[in-house]
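The values are calculated or read from the model by the stated rules, or taken from the named source; none is laboratory data. All values derive from a computational prediction rather than experimental measurement. Glycine also receives a Cβ, built like all others from the backbone with ideal geometry; neighbour counts cover every protein chain displayed. Only protein heavy atoms, including side chains, enter the accessible area calculation; ligands, DNA and RNA are left aside. Shrake-Rupley method; radii C 1.70, N 1.55, O 1.52, S 1.80 Å.
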Amino acid sequence: MPDQRTSRLAQVLVEYSMNVQPGERIAVVGTTLAEPLMLECMRYILRAGAHPHLVARLPAEDYVLFTEANKDQLTYVSPLLRTVIEEFDGFLQISSTGNSRQLSGVDPEKQGLHSKARSPLMKRYMERHNARDLRILITLFPTAQQAQDADMSLTELEDYVYAATYSDTEDSIAAWNNVADQQNTYVEWLEGKESVKVQGPDVDLSLSIKGRRFLSAHGQVNMPDGEIYTSPVEDSLNGWIRFGFPAIRAGREVEGIELTFEMGKVVEARANKGEDLLMQMLDVDDGARYVGEFAVGATDQINRFMRNMLFDEKMGSTIHLALGAGFSDVGGRNESGIHWDMLCNMRDGGQIYVDDELFYDSGRFFPE
């Protein structure tokens with residue numbers, strides 16, 4: 001029998017997050033390590049009258065691909081993936097890695113080539129996602145490797161994941177409705193605002209949100225969740241930011257990233273570790289040097305860095321920028337084959353001013 005919390009999580013994913021309806025086609029993708037959650041999702045999708053399609057991948061697939069594939073094979077785009085993105089109603093992606101560092105020794109040029117080849121499909125993915133024509137959901141099933149990355153035991157990670165998703169409560173859906181109510185108060189206050197200044201020990205940035213919307217993320221695209229986000233005006237970012245937490249891409253950590261923006265574009269970039277990968281990603285396409293997302297973490301349920309951006313970007317007292325593709329449903333126009341989140345600490349003196357009014361200080365939102 002599966003952990004009761006796993007069943008509750010599957011129910012939340014299917015009934016609350018994805019709102020699966022009869023007759024829909026839903027892809028459920030994860031490694032074989034996520035079998036318990038994949039099967040429970042299948043169970044609830046069937047109960048909803050829909051059609052589950054389980055795509056179980058082997059944990060070492062990506063390593064074999066990047067170490068053995070030639071250029072033609074690296075630029076090949078799976079017709080199965082294309083069918084899901086073009087035709088399916090839902091795409092549930094379960095992070096369940098067996099070795100998060102298996103690509104650490106892979107040539108960054110190969111990873112860049114692979115990302116570039118999938119750029120048109122990424123564009124379509126974002127188009128359907130932004131139109132809510134394809135309901136996308138990303139979640140995590142705890143594995144021993146992910147526990148090691150987070151400096152936890154597997155039992156500790158399981159408890160942390162199920163607490164962050166409210167799967168350890170009797171009424172998980174009610175808990176997520178409460179999160180939505182709280183975060184929507186911030187979004188409503190931001191409606192119609194135009195300028196943002198972000199200041200602190202690690203950041204001095206200005207940007208425009210004129211004509212852009214903020215949205216609350218409360219468990220309908222990511223699970224767990226807890227952030228408010230927008231796509232800033234593409235040519236408006238000016239200033240500097242240092243990301244104190246590692247940025248992770250295809251299992252590789254890039255540490256000590258510092259970026260300087262002029263008229264929206266990254267004009268200077270450096271990193272203490274993994275700078276070669278940073279530069280490869282910045283050159284994937286023209287949109288990779290522009291910011292597609294500006295977001296503020298809003299939950300204290302997630303309170304420690306665990307080297308998994310699905311969790312880390314929601315951490316209270318942080319903000320994050322994503323280089324690359326923006327969100328058209330909030331007014332974003334940037335197009336790119338990447339969407340790479342980078343996390344900045346705001347705990348000790350980080351402030352956000354909106355139209356010259358204090359909105360956020362060291363993890364606390366104003367107005368209340």
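Consider L277 carefully, then state whether it is outside any strand (DSSP E or B), more than 14 Å from the chain's Cα centre (by Cα) and either under 20 Å from S95 (Cβ atoms) or not acidic (D, E) (or both). It is true that L277 is outside any strand (DSSP E or B), more than 14 Å from the chain's Cα centre (by Cα) and either under 20 Å from S95 (Cβ atoms) or not acidic (D, E) (or both).
Of everything listed in (1) at positive phi; (2) within 16 Å of the chain's Cα centre (by Cα); (3) open to solvent by 60 Å² or more (accessible area, probe 1.4 Å), the single unmet condition for A250 is (3).
Here the condition is being open to solvent by less than 80 Å² (accessible area, probe 1.4 Å) and closer than 19 Å to D149 by Cβ; of T97, T75, it holds for T97 alone. Of L46, L80, L39, L58, all but one fail to be touching a helix residue (DSSP H, G or I) at 6+ places or on another chain (Cβ under 8 Å) and either farther than 28 Å from A131 by Cβ or of a type in the set (A, V, I, L, M) (or both); the exception is L58.
In this structure, does D276 turn out to be acidic (D, E), farther than 27 Å from T97 by Cα, touching a residue at least 24 places away in the same chain (Cβ under 8 Å) and surrounded by fewer than 22 Cβ atoms within 10 Å (Cβ to Cβ)? So D276 does not fit the description; no. Could you grab me the full set of residues in the stretch 210-224 that are touching a Phe, Trp or Tyr at 6+ places or on another chain (Cβ under 8 Å) and part of a loop (DSSP other than H, G, I, E, B)? Those that are touching a Phe, Trp or Tyr at 6+ places or on another chain (Cβ under 8 Å) and part of a loop (DSSP other than H, G, I, E, B): F214, H218, G219, Q220, P224. What do you reckon, is R82 at positive phi and not β-branched (V, I, T)? It is false that R82 is at positive phi and not β-branched (V, I, T). Of the listed requirements (1) modelled with pLDDT of 95 or more; (2) open to solvent by 10 Å² or more (accessible area, probe 1.4 Å), T139 misses just one: (2). Just one of the listed residues (D285, D329, D348) is of a type outside the set (S, T, Y) and within 30 Å of S153 (Cα to Cα), namely D348. Inspection of the stretch 299-313 finds no residue satisfying the criterion of being part of a loop (DSSP other than H, G, I, E, B), within 21 Å of K110 (Cβ to Cβ) and free of Cβ contacts under 8 Å to residues at least 40 places away in the same chain.
Checking the conditions here, which among Q183, Q145 is open to solvent by 20 Å² or more (accessible area, probe 1.4 Å) and in contact with a Ser or Thr (Cβ under 7 Å, 6 or more places away or on another chain)? Before you say what the answer is, go through the steps one by one.
Values: Q183 fails: open to solvent by 20 Å² or more (accessible area, probe 1.4 Å).
Just one listed residue meets the conditions, Q145.
Filtering the stretch 333-362 to residues that are open to solvent by less than 10 Å² (accessible area, probe 1.4 Å), touching a helix residue (DSSP H, G or I) at 6+ places or on another chain (Cβ under 9 Å), under 20 Å from V187 (Cβ atoms) and not aromatic (F, W, Y) leaves only V354. Taken together, V284, V266 contain a single residue that is within 21 Å of S336 (Cα to Cα), in a strand (DSSP E or B) and in contact with a helix residue (DSSP H, G or I) (Cβ under 9 Å, 6 or more places away or on another chain), which is V266. Here G316 clears all of (1) touching a Ser or Thr at 6+ places or on another chain (Cβ under 8 Å); (2) within 23 Å of G337 (Cβ to Cβ) except the condition numbered (2). Scanning the stretch 181-197 for residues that are in a strand (DSSP E or B) and among the hydrophobic types (A, V, I, L, M, F, W, C) turns up at least one hit. Taking the condition modelled with pLDDT under 95, farther than 19 Å from M126 by Cβ and in contact with a strand residue (DSSP E or B) (Cβ under 8 Å, 6 or more places away or on another chain), does D355 pass? Here the answer is no, as D355 does not meet what is asked. Filtered by the rule that a residue be surrounded by fewer than 18 Cβ atoms within 10 Å (Cβ to Cβ) and among the acidic types (D, E), the stretch 11-35 gives E15, E35. E24 meets the conditions (1) in contact (Cβ under 8 Å) with a residue 60 or more places away in the chain; (2) among the charged types (D, E, K, R); (3) within 30 Å of E109 (Cβ to Cβ) in every case but one. The failed one is (3). Inside the stretch 75-107, residues that are under 27 Å from C41 (Cα atoms) and aromatic (F, W, Y) make up a count of 2. Exactly one residue among G264, G287, G292, G256 is within 16 Å of the chain's Cα centre (by Cα) and either buried (at least 16 other Cβ atoms within 10 Å of the Cβ) or within 25 Å of G105 (Cβ to Cβ) (or both), and that residue is G292.
The residue list E86, E68 contains one member that is exposed (fewer than 15 other Cβ atoms within 10 Å of the Cβ), touching a Lys or Arg at 6+ places or on another chain (Cβ under 8 Å) and modelled with pLDDT of 90 or more, which is E86.
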